[in-house]
Number of protein chains: 2
Amino acid sequence: MGTNTQFFQIAAIIISLAAFGEAFWLYKWVKALPASNPQIASIGKLIKNGANTFLKKEYETLARFCGVAAIIIFVFLPSPIWMGNPLDNVIVVVAYLCGTIFSAIAGKIGITVSTIANMKAAEASTKGIKPSFMAGFRGGAVMGMAVVGSSLLGVTLVLILTDNTTALLGFSFGASSLALFAKAGGGIFTKTADISADLVGKVELGIPEDDPRNPAVIADNVGDNVGDVAGMGADLFDSNVASMAAALVIGSDIDTINGNTINSSMVLCYATLGLLASIIGVATARIGKNGSPTRALNSSTYITTGVFAALTGAATYAFNFEWRIWLASIIGLLVGVIIGIASDYFTNDTKKPVHIVATASESGPAFTILSGISYGFISAFPAMIGIGVSALAAYKVCEPLGPGYAMFGIAMAAVGMLSIVAMIISNDAYGPIVDNGRGLVEMGDLGDTALEITDSLDSAGNTVKAITKGFAIGAAGLTVIALLGTFISEVNVKITELNIATPDLHMPALTGFDIMDPLVFFGLLVGAAIPAVFSAMLILGVQRNAQRMIKEIHRQFNEIIGLREGKKGVVPEYDKCIEIATTGAIKELVPAGLFVIIITVLVGFIGGVKATGGFLTGNIISGLLFALFMSNSGGLWDNTKKYVESGHNGGKGSDTHKAAVVGDTVGDPFKDTAGPSINTQITVVSLVASLLSTFFLTMSIF
Amino acid sequence: MGTNTQFFQIAAIIISLAAFGEAFWLYKWVKALPASNPQIASIGKLIKNGANTFLKKEYETLARFCGVAAIIIFVFLPSPIWMGNPLDNVIVVVAYLCGTIFSAIAGKIGITVSTIANMKAAEASTKGIKPSFMAGFRGGAVMGMAVVGSSLLGVTLVLILTDNTTALLGFSFGASSLALFAKAGGGIFTKTADISADLVGKVELGIPEDDPRNPAVIADNVGDNVGDVAGMGADLFDSNVASMAAALVIGSDIDTINGNTINSSMVLCYATLGLLASIIGVATARIGKNGSPTRALNSSTYITTGVFAALTGAATYAFNFEWRIWLASIIGLLVGVIIGIASDYFTNDTKKPVHIVATASESGPAFTILSGISYGFISAFPAMIGIGVSALAAYKVCEPLGPGYAMFGIAMAAVGMLSIVAMIISNDAYGPIVDNGRGLVEMGDLGDTALEITDSLDSAGNTVKAITKGFAIGAAGLTVIALLGTFISEVNVKITELNIATPDLHMPALTGFDIMDPLVFFGLLVGAAIPAVFSAMLILGVQRNAQRMIKEIHRQFNEIIGLREGKKGVVPEYDKCIEIATTGAIKELVPAGLFVIIITVLVGFIGGVKATGGFLTGNIISGLLFALFMSNSGGLWDNTKKYVESGHNGGKGSDTHKAAVVGDTVGDPFKDTAGPSINTQITVVSLVASLLSTFFLTMSIF
């Protein structure tokens, strides 16, 4: 590697450390906010302990899973240990473990801060919207900085220490396998608690949300943290690493041919500048005294976007990168924004779909469901076209640069789309913090003004969430298309090796996957069915788990004397509900995770690389479709319920409201368990296929 | 053409006429059954008139649409009229119109008989299960014979008169465009009426199903006929013609190269034997005095399957056809049966999924929906694998025969799967007839024993329906894969022409579609989103229409004095509801139908043949997934409701039952509007693409 590369590597490390620095400063700032209310402190402590208990149990299970995976990786990757250099296997296994550990640490940091920031946001709400917003936003930003800082740092360290693409994919697979379980497990936990608390509390007993009498209320708040903060962070850690890994693998393939390092440098440079732009965006985020929190969140996102475009433009000029590749990144970023805006249209309560679903709900819950599902289906259309157009445009823009550049363009579009991921995570983690804050205000009896303020902060979190989710799915879409390119790259490296080892072999290079090849078509059909089955397993998991928890809530209300009436000093056994959510989530996530990995391996060993190519493609296409449909339907139902609660179409307590609650309950696992887990599912499958590509090439039945 | 071909053509015509003969005999038999109850006669007449009114209006709208399509076809196909021989254009347009007319006539015959058979089945039920079953089954079989007889006759006549593959595709497109609107329009009509009748009658007022006071009750019964008899018949007419057309196009391509006609003869021979097997199967269908109607229906299906296998085996031996192709057909048939059995598992009320959804419903409608959707998702998995495996097996079995045979094998698997389609239609049309019969028994006050008998006949219809639907989707799946082959064939015919016309052109033949080509990938993403949008448009159409009808029902109950109380002589204005369902269905189906056609044309002109190939593939894959998911979820909810009504999990009137009714209402447009319409949607899109392939090849932007 030349000096040039080292320059970008050092820059990446410096900016990563700067991100950690900003995270630490924000953490200190949040921590220094006043905390005087003893009741909030005591409930906050319950939430914190619950979250840590879950995280500990989850990480224990994951450690076992990753341990087994590490042994398998050590024995077989990059080549069976008895055939290659064992040192290579050690490198890949260490990279894999680092991927899991870096992601886990970022998750732990996020949880630690979010379970402090929620209390601070609650207390600050008595002083106005401004301090409360800042507590929520800066708490979330710690997570954003920690996730992106550690993913960039991790990728750079792997590059410096190994300079080996399989190790990079191993690191990425580590991140993915953690994300698969963290997102699915956290998603099952949070929705189990949310649904159970609502169903018994709000629907059966008619007590308010976040009422401290409800035995599931703490579990619900814990769920916000473990599902929406830690789970979502792991998800975006994974996407971010995967997009960098895909771009680096394809970029360095081109570099090897050209004998330079300009493309891999460019990847690192852009990723670094994206983080820098986010650091600036976070630092400049402000809200006026009576300003709109939604506008504050969105404007800092737009600032980040603008800064990224300007910085990368300057860098492209300064370092003589290709302008066409810059354009590909900017296309990715713009399409990300467009997808976000489209998601917003289908879920925002000022737009037509929410109003139509609210009106439909007047005829009963069946119509809430039918109209919500329909708009979810339709909402996928602009996003699918957006992803298709951006991939096509990035490809066509970069194709004239030479062989390999077209696919590199797509990978760089994904890097561009994910460049502002730190900002996206900050906005996303803000949501559960202020949601928790709202709960603490209710449970701590801080008064109606504080409740109104946290309500408006919470609602801004929901609106922004739709946009960031659309963004995350779009980015995952482009990333996995690039990973398909990586898969081909990996197969061809092996084919070259085989041809050198056996001069008479003349195995042709893999150039693509022909749909008319029945193995490819077979793969397409099977791959397309996977996200459906995976989603179903998670949803059924939530359902089974919620049924267990509802039983426990009923038991407590029946057996604990004075609980139902709210007698002073009578406290429900919160920990029992946390225990059920934790055990159940871990029990339910394992089969779903294993299912997708096993099917991938089976398809690969039966149908070989061609079937695998079809399988990955089918998986990507239907995965995107299902993820978009479920996330948007869920968001739409959530906001419809809130819209009705705010007095429309009959308002709270009306039959319309009851129907809207049914929609919201169906939407919960759609949008917070299955939908976002599909992102991770398609990444995991792509990485498993890339890592095992040699075996699929040489040892398959067909 | 040689004598050999003529032999098979004459045989096809003879057997088609024999099918019409059997249909006529069955019609006479049904008509001769006693009809003495004046009340049944008067209600039956209302249903008959309603169905004919709708059919007339629908056909009028379709005539206008087909007229416009015919003009466009005349000007542009097979080549623009100013460039080629105008006679060719006349041939294609006549073939197109014949496709629509043959299908429409079959639909009309089916409706005519089903609206007589329902009355006969009702009256016969007072004499026991046997005569009532036979009335329902033989009434349905008229439809089966008419549909398959006319489709085989039509295809054979086109072959004899034109010997032109574009004309064959034109005939098929005629059948498809009729089916698209007939299935979607009938589906919207039937579910509008069904949902509205249930929601106001059963849920709001608590009056029984089919109560004559309900203003929507006649519309509901009309809907069974126009949606499930005429619509479904048009759908399977379409699939059957498309599978024969695809096999004939590919088979005669091979024949042209080999200088014989053996493969196209084989297609005709197998299709003819399939119809013959069904004639035998229908003629032998019997039920014991106290026998199970489900067993009777299934056993005649199995007899048909066995007879088909034996007859084609004998023919293959006698005419020296390739045994490998025979095997491909049998694979198709077997996989069809397997898919049917899998669908049955997910929807049958003696199996686990129904019980789990029933138990989940105890926690409220949200859980009914979540569990039903989850099992619907999972149910797609075995079927997708089944379709993939059968395509792969048929391809691999026939590949050794030489170039072109592999794709011919897939087409013949589709022909094999559809060989028993006449039997499938008979079983399918039996359902709405006995469902109507049950309604007439209720409205005609024929007593509890008769009600019990028709209930059991109705329930058998529902069970068998799940199997036939799975079958229909599987067959459509294989057919459209074969149509993809047809699309390539058509493109290559044009490429050869272009290369001859411009010797310097050297345009390479299209051999397939590479997923890594960004145009193909773009097409995949857009194509995959279409079934989702199309379904959503239909579901929203049902919803809007149902809301209009519910308003009208409320108006009648409020304004017509004595109606609610059931005062003697007070009759609701049934025709108003029929009018709303009719007008609404026609209004709602047009945008959905135009949408898919316009998008196909746009993708073709923007992205050319490559994007179109991706588009068709994406469309097939997600179309199958959505069709399976929606049909099976819908069937599952329907049977769960019936299971609860029969006394399980709290029984009728319990909260569990209310939740199950919500599931059933959501499932109605899933299983009877959107799900089965997707079949037709993917066929239409494939045929549009094949017909316009030359334009996409020469005039696209990319």
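The values are calculated or read from the model by the stated rules, or taken from the named source; none is laboratory data. All figures in this text were calculated on a predicted structure; none of them were measured in a lab. Positions of Cβ are generated from backbone atoms using ideal geometry, with glycine treated the same way; all protein chains shown enter the neighbour counts. Calculation scope for accessible area: heavy atoms of the full protein, side chains included, ligands and nucleic acids excluded. Shrake-Rupley method; radii C 1.70, N 1.55, O 1.52, S 1.80 Å.
Quick check: is even one residue across segment A:605-612 of a type outside the set (G, A, S) and more than 14 Å from chain B (Cβ to nearest Cβ)?
Residues of segment A:605-612 of a type outside the set (G, A, S): A:605-606, A:609-610, A:612.
With more than 14 Å from chain B (Cβ to nearest Cβ) added as a condition, the list becomes A:605.
Looking for residues that are of a type outside the set (G, A, S) and more than 14 Å from chain B (Cβ to nearest Cβ), one finds at least one in segment A:605-612, hence yes.
Closer than 28 Å to A:A391 by Cβ and in contact with a Lys or Arg (Cβ under 8 Å, 6 or more places away or on another chain): which single residue out of B:G512, B:G523, B:G477, B:G527 fits that description? I'd like the intermediate steps shown before the answer.
Working: B:G512 fails: in contact with a Lys or Arg (Cβ under 8 Å, 6 or more places away or on another chain); B:G477 fails: in contact with a Lys or Arg (Cβ under 8 Å, 6 or more places away or on another chain); B:G527 fails: in contact with a Lys or Arg (Cβ under 8 Å, 6 or more places away or on another chain).
It is B:G523.
Looking for something in contact (Cβ under 8 Å) with a residue 12 or more places away in the chain, of a type in the set (S, T, Y), part of a helix (DSSP H, G or I) and closer than 20 Å to A:C66 by Cα - is there at least one such residue anywhere in segment A:619-627? Walk me through it before giving the result.
Here is the first cut: in segment A:619-627, the residues in contact (Cβ under 8 Å) with a residue 12 or more places away in the chain are A:619-627.
Right, trim to of a type in the set (S, T, Y) and you get A:622.
With the extra rule that they be part of a helix (DSSP H, G or I), the set shrinks to A:622.
Those still in the list that are closer than 20 Å to A:C66 by Cα too: none.
Scanning segment A:619-627, I find no residue that is in contact (Cβ under 8 Å) with a residue 12 or more places away in the chain, of a type in the set (S, T, Y), part of a helix (DSSP H, G or I) and closer than 20 Å to A:C66 by Cα, so the answer is no.
Which helices (runs of 4 or more DSSP H) does segment B:236-354 wholly contain that include 3 or more residues that are among the aromatic types (F, W, Y)? Let's see the steps before the verdict.
Values: elements: B:262-284, B:293-319, B:323-347.
In segment B:236-354, B:293-319, B:323-347 are the helices (runs of 4 or more DSSP H) which contain 3 or more residues that are among the aromatic types (F, W, Y).
Let me confirm something: among B:G185, B:G174, which residue is out of contact with any Cys (no Cβ under 8 Å at 6 or more places or on another chain) and touching a residue at least 60 places away in the same chain (Cβ under 8 Å)?
Values: B:G174 fails: out of contact with any Cys (no Cβ under 8 Å at 6 or more places or on another chain).
After applying the criteria, what remains is B:G185.
Looking only at segment A:492-519, which residues are part of a helix (DSSP H, G or I) and surrounded by fewer than 22 Cβ atoms within 10 Å (Cβ to Cβ)?
If we filter segment A:492-519 for residues that are part of a helix (DSSP H, G or I), which is where we start, we get A:492-501, A:518-519.
Selection gives A:N492, A:V493, A:K494, A:I495, A:T496, A:E497, A:L498, A:N499, A:I500, A:A501.
Could you tell me whether segment B:403-417 includes any residue that is open to solvent by less than 10 Å² (accessible area, probe 1.4 Å) and under 23 Å from B:V217 (Cβ atoms)?
No; the residues of segment B:403-417 include none that is open to solvent by less than 10 Å² (accessible area, probe 1.4 Å) and under 23 Å from B:V217 (Cβ atoms).
Could you list, in sequence order, the residues of segment B:379-414 that are over 22 Å from A:G607 (Cα atoms) and at the interface with chain A (Cβ under 10 Å from one of its Cβ atoms)?
The one that is over 22 Å from A:G607 (Cα atoms) and at the interface with chain A (Cβ under 10 Å from one of its Cβ atoms): B:S379.
Among the residues of segment A:498-514 satisfying the criterion of being more than 14 Å from chain B (Cβ to nearest Cβ) and β-branched (V, I, T), which is farthest from A:M699 (Cα to Cα)?
A:I500
Could you list, ordered by first residue, the pairs with Cβ atoms under 7 Å in which the first is in segment B:557-578 and farther than 27 Å from B:F54 by Cα and the second is surrounded by fewer than 17 Cβ atoms within 10 Å (Cβ to Cβ) and not charged (D, E, K, R), at least 6 apart or interchain?
Pairs that qualify, where the first residue is farther than 27 Å from B:F54 by Cα and the partner is surrounded by fewer than 17 Cβ atoms within 10 Å (Cβ to Cβ) and not charged (D, E, K, R), are B:G562/B:V570.
Considering only residues that are open to solvent by less than 80 Å² (accessible area, probe 1.4 Å) and under 30 Å from B:V155 (Cβ atoms), which ones fall in segment B:15-46?
B:I15, B:S16, B:A18, B:A19, B:F20, B:G21, B:E22, B:A23, B:L26, B:Y27, B:W29, B:V30 - these are the residues of segment B:15-46 that are open to solvent by less than 80 Å² (accessible area, probe 1.4 Å) and under 30 Å from B:V155 (Cβ atoms).
Of the residues A:T463, A:T449, A:T454, only one is among the hydroxyl-bearing types (S, T, Y) and farther than 30 Å from A:I338 by Cα; which? Step through it out loud before you land on a result.
Working: A:T463 fails: farther than 30 Å from A:I338 by Cα; A:T454 fails: farther than 30 Å from A:I338 by Cα.
Exactly one residue qualifies, and that residue is A:T449.
Check whether at least one residue in segment B:684-702 is within 12 Å of chain A (Cβ to nearest Cβ), open to solvent by 10 Å² or more (accessible area, probe 1.4 Å) and farther than 22 Å from B:A230 by Cα, and report yes or no.
Quick first cut of segment B:684-702, residues within 12 Å of chain A (Cβ to nearest Cβ) only: B:701-702.
Among the residues that remain, those that are also open to solvent by 10 Å² or more (accessible area, probe 1.4 Å) are: B:701-702.
Then keep just the ones that are farther than 22 Å from B:A230 by Cα; that gives B:701-702.
There is at least one residue in segment B:684-702 that is within 12 Å of chain A (Cβ to nearest Cβ), open to solvent by 10 Å² or more (accessible area, probe 1.4 Å) and farther than 22 Å from B:A230 by Cα.
Please find, among B:S103, B:S125, the residue that is within 19 Å of B:D448 (Cα to Cα) and either open to solvent by 10 Å² or more (accessible area, probe 1.4 Å) or in a helix (DSSP H, G or I) (or both). I'd like the intermediate steps shown before the answer.
Working: B:S103 fails: within 19 Å of B:D448 (Cα to Cα).
None of the others qualify; the one that does is B:S125.
Hey, among A:T261, A:T294, A:T305, A:T284, which residue is without any contact (Cβ under 8 Å) to a residue 40 or more places away in the chain and among the polar types (S, T, N, Q)? Quick ask: steps written out before the conclusion?
Numbers: A:T261 fails: without any contact (Cβ under 8 Å) to a residue 40 or more places away in the chain; A:T294 fails: without any contact (Cβ under 8 Å) to a residue 40 or more places away in the chain; A:T305 fails: without any contact (Cβ under 8 Å) to a residue 40 or more places away in the chain.
It is A:T284.
Among the residues of segment A:188-196, is any out of contact with any Gly (no Cβ under 8 Å at 6 or more places or on another chain) and modelled with pLDDT of 85 or more? Before you say what the answer is, go through the steps one by one.
Here is the first cut: in segment A:188-196, the ones out of contact with any Gly (no Cβ under 8 Å at 6 or more places or on another chain) are A:195-196.
After this cut, where a residue has to be modelled with pLDDT of 85 or more as well, the list is A:195-196.
Yes, segment A:188-196 contains at least one residue that is out of contact with any Gly (no Cβ under 8 Å at 6 or more places or on another chain) and modelled with pLDDT of 85 or more.
Among the residues of segment B:516-532, is there at least one that is among the aromatic types (F, W, Y) and away from chain A (no Cβ under 14 Å)?
So far as segment B:516-532 goes, no, none of its residues is among the aromatic types (F, W, Y) and away from chain A (no Cβ under 14 Å).
Quick check: anything in segment A:333-344 within 9 Å of chain B (Cβ to nearest Cβ), under 20 Å from A:L624 (Cα atoms) and out of contact with any strand residue (DSSP E or B) (no Cβ under 9 Å at 6 or more places or on another chain)? Give the derivation first.
Step one: list which residues in segment A:333-344 are within 9 Å of chain B (Cβ to nearest Cβ), which gives none.
The answer is no; no qualifying residue exists.
Could you list, in sequence order, all residues of segment A:47-90 that are crowded, with 21+ Cβ neighbours inside 10 Å and among the aliphatic types (A, V, I, L, M)?
A:I47, A:A51, A:L55, A:L62, A:I73, A:L77
Please find, within segment A:551-588, the residue that is farthest from B:S374 (Cα to Cα) out of those that are within 14 Å of chain B (Cβ to nearest Cβ) and buried (at least 23 other Cβ atoms within 10 Å of the Cβ). Talk me through it step by step, then tell me what you get.
Kept after step one, since they are within 14 Å of chain B (Cβ to nearest Cβ), are these residues of segment A:551-588: A:551-554, A:588.
If we keep only those that are buried (at least 23 other Cβ atoms within 10 Å of the Cβ) as well, we get A:553, A:588.
Working: A:I553: 25, A:E588: 14 Å.
Among those that are within 14 Å of chain B (Cβ to nearest Cβ) and buried (at least 23 other Cβ atoms within 10 Å of the Cβ), it is A:I553.
Any residue at all in segment A:232-239 that's at pLDDT 90 or above and open to solvent by 10 Å² or more (accessible area, probe 1.4 Å)?
no
For segment A:658-683, name all the residues that are away from every other protein chain (no Cβ under 14 Å) and either farther than 22 Å from A:S459 by Cβ or modelled with pLDDT of 90 or more (or both).
Residues of segment A:658-683 away from every other protein chain (no Cβ under 14 Å): A:676, A:679-680, A:683.
If the condition is that a residue be away from every other protein chain (no Cβ under 14 Å) and either farther than 22 Å from A:S459 by Cβ or modelled with pLDDT of 90 or more (or both), then A:N679, A:T680, A:T683 are the ones that fit.
Out of the residues in segment A:188-211 meeting the condition of being outside any helix (DSSP H, G or I) and without any contact (Cβ under 8 Å) to a residue 12 or more places away in the chain, tell me which one is least open to solvent (accessible area, probe 1.4 Å).
Going through segment A:188-211, the residues outside any helix (DSSP H, G or I) turn out to be A:206-211.
Still in the running and without any contact (Cβ under 8 Å) to a residue 12 or more places away in the chain: A:206-207.
Working: A:G206: 58, A:I207: 21 Å².
My answer is A:I207.
Residues to consider are A:A277, A:A315, A:A296, A:A285; find the one that is in contact with a Cys (Cβ under 8 Å, 6 or more places away or on another chain) and open to solvent by less than 30 Å² (accessible area, probe 1.4 Å). Reasoning before the result, please.
On the way: A:A277 fails: in contact with a Cys (Cβ under 8 Å, 6 or more places away or on another chain); A:A296 fails: in contact with a Cys (Cβ under 8 Å, 6 or more places away or on another chain); A:A285 fails: in contact with a Cys (Cβ under 8 Å, 6 or more places away or on another chain).
Exactly one of A:A277, A:A315, A:A296, A:A285 is in contact with a Cys (Cβ under 8 Å, 6 or more places away or on another chain) and open to solvent by less than 30 Å² (accessible area, probe 1.4 Å), namely A:A315.
Pick out the one residue from B:I488, B:I473, B:I467, B:I481 that is away from every other protein chain (no Cβ under 14 Å) and part of a helix (DSSP H, G or I).
Numbers: B:I488 fails: away from every other protein chain (no Cβ under 14 Å); B:I473 fails: away from every other protein chain (no Cβ under 14 Å); B:I481 fails: away from every other protein chain (no Cβ under 14 Å).
After applying the criteria, what remains is B:I467.
Can you name every residue in segment A:247-273 that is more than 15 Å from A:I325 (Cα to Cα) and small (G, A, S)?
Result: A:G259, single match.
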